[in-house]
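Colleague: This is the structure I want to talk about, given as structure tokens.
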Amino acid sequence: MASLKKEISRKVGKAIHDYQLLCHGDRILAAVSGGEDSSLMLYMLHEWRKKAPINYDLVAVYLDMGFVSLTQQALYPYLGSFGLSFHVEKTDFGVVAHTSFNRENSPCFLCSHLRRKRLFEIADAFGCNKIALGHNMDDLIETFFINVCNAGEMSTMMPRQEMFGGKITLIRPLAFVQKNKISRYVKRLGLPRVENRCPSSSQSSRRHIRELLNSFYQKNPKARSNIFRALSHIRAEYLLDQRLQV
């Protein structure tokens, strides 16, 4: 466990240092979903406060999407164990996204949009200048392929993204950490892992891309790290000129 802890701590530290994710005086909304990624993200940010040469505040926020689950019961003891301020709010975002009200977008798109919009509102109400999300290395790779296939563009999520002219900054402390290592570490730490009850979780574009990539990784163990490296190693002279596209 010591080597896994050291590796994850080093990669979180690299993301924090390289992208300046944390600053003195920050008030950070940590968006907790009940999944293992956000549980570890909150844990790491809490641990980092003990050794960082800066002071920052954490506010944990959980938005219930409206599906029947035991998420709140599992999260309350966890959130309370840190001695942090936390906010739990029940919504119908997930349910509405799967009704006839949503005729133009996929359930995942609308649910994500509504959740993100509400997090921005809560961050503003609580005086938070940053929102921490639990996205990991595999999420960034999958998003790149989703955008290539569905939007025809080469882009992904960033470890740090400024929104609304810099009023709110999104940070992703786990951006350099592989999903399978997060799963192993969460299990060893005994952090809560709540089942995703969304009816679209097994049918989403992300799930399909993930399965395709995992089959590729099994054949080429170096593929994941090479793809991730490629996201910041662009050779523009070997890409097509956008002005000449039909």
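Colleague: What is the residue count in region 215-246 for residues that are surrounded by 14 or more Cβ atoms within 10 Å (Cβ to Cβ) and either free of Cβ contacts under 8 Å to residues at least 40 places away in the same chain or out of contact with any helix residue (DSSP H, G or I) (no Cβ under 8 Å at 6 or more places or on another chain) (or both)? If you could, list the steps in order and put the result at the bottom.
Modeller: Step one: filter region 215-246 for residues surrounded by 14 or more Cβ atoms within 10 Å (Cβ to Cβ), giving 217, 223-224, 227-228, 231.
From what's left, either free of Cβ contacts under 8 Å to residues at least 40 places away in the same chain or out of contact with any helix residue (DSSP H, G or I) (no Cβ under 8 Å at 6 or more places or on another chain) (or both): 217, 223.
So the answer is 2.
Colleague: Could you list all residues from region 135-153 that are surrounded by fewer than 17 Cβ atoms within 10 Å (Cβ to Cβ) and either in contact (Cβ under 8 Å) with a residue 60 or more places away in the chain or hydroxyl-bearing (Ser, Thr, Tyr) (or both)?
Modeller: If the condition is that a residue be surrounded by fewer than 17 Cβ atoms within 10 Å (Cβ to Cβ) and either in contact (Cβ under 8 Å) with a residue 60 or more places away in the chain or hydroxyl-bearing (Ser, Thr, Tyr) (or both), then Cys149 is the only one that fits.
Colleague: Next question. If Ile16 passes every condition in (1) within 18 Å of the chain's Cα centre (by Cα); (2) outside any helix (DSSP H, G or I); (3) among the aliphatic types (A, V, I, L, M) but one, which one does it miss?
Modeller: Among (1) within 18 Å of the chain's Cα centre (by Cα); (2) outside any helix (DSSP H, G or I); (3) among the aliphatic types (A, V, I, L, M), the lone unmet condition for Ile16 is (2).
Rundown of residues vs (1) modelled with pLDDT of 95 or more; (2) touching a helix residue (DSSP H, G or I) at 6+ places or on another chain (Cβ under 9 Å); (3) over 19 Å from Tyr78 (Cβ atoms); (4) in a strand (DSSP E or B), yes/no style:
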| position | (1), (2), (3), (4) |
| --- | --- |
| Asp124 | yes, no, yes, no |
| His135 | yes, yes, yes, no |
| Leu140 | yes, yes, yes, no |
| Phe144 | yes, yes, yes, no |
| Thr169 | yes, no, yes, yes |
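Colleague: If we scan region 29-38, do we find a residue that is under 19 Å from the mean Cα position of the chain (by Cα), of a type outside the set (S, T, N, Q), surrounded by fewer than 16 Cβ atoms within 10 Å (Cβ to Cβ) and farther than 14 Å from Leu174 by Cα?
Modeller: Scanning region 29-38, I find no residue that is under 19 Å from the mean Cα position of the chain (by Cα), of a type outside the set (S, T, N, Q), surrounded by fewer than 16 Cβ atoms within 10 Å (Cβ to Cβ) and farther than 14 Å from Leu174 by Cα, so the answer is no.
Colleague: Residues in region 68-79: is at least one in a helix (DSSP H, G or I), more than 24 Å from Pro107 (Cα to Cα), without any contact (Cβ under 8 Å) to a residue 60 or more places away in the chain and under 19 Å from the mean Cα position of the chain (by Cα)?
Modeller: Yes, the conditions are met somewhere in region 68-79.
Colleague: When you scan region 163-184, do you find a residue that is among the hydroxyl-bearing types (Ser, Thr, Tyr), surrounded by fewer than 17 Cβ atoms within 10 Å (Cβ to Cβ), within 30 Å of His17 (Cα to Cα) and within 18 Å of the chain's Cα centre (by Cα), even just one? Quick ask: steps written out before the conclusion?
Modeller: First, the residues of region 163-184 that are among the hydroxyl-bearing types (Ser, Thr, Tyr): 169, 183.
Narrowing the set further to residues that are surrounded by fewer than 17 Cβ atoms within 10 Å (Cβ to Cβ) leaves 183.
Of the ones still in play, those that are also within 30 Å of His17 (Cα to Cα) are 183.
Cutting the leftovers down to within 18 Å of the chain's Cα centre (by Cα) gives us 183.
Yes, that holds for at least one residue.
Colleague: Checking the condition over 18 Å from Pro159 (Cβ atoms) and either modelled with pLDDT of 85 or more or of a type in the set (Gly, Ala, Ser) (or both), which residue from Asn102, Asn55 passes?
Modeller: Result of the check over Asn102, Asn55: Asn55.
The values are calculated or read from the model by the stated rules, or taken from the named source; none is laboratory data. Note that the structure is a prediction, hence the values are computed from the model and not measured. Backbone-built Cβ (ideal geometry, glycine too); neighbour counts: all protein chains shown.
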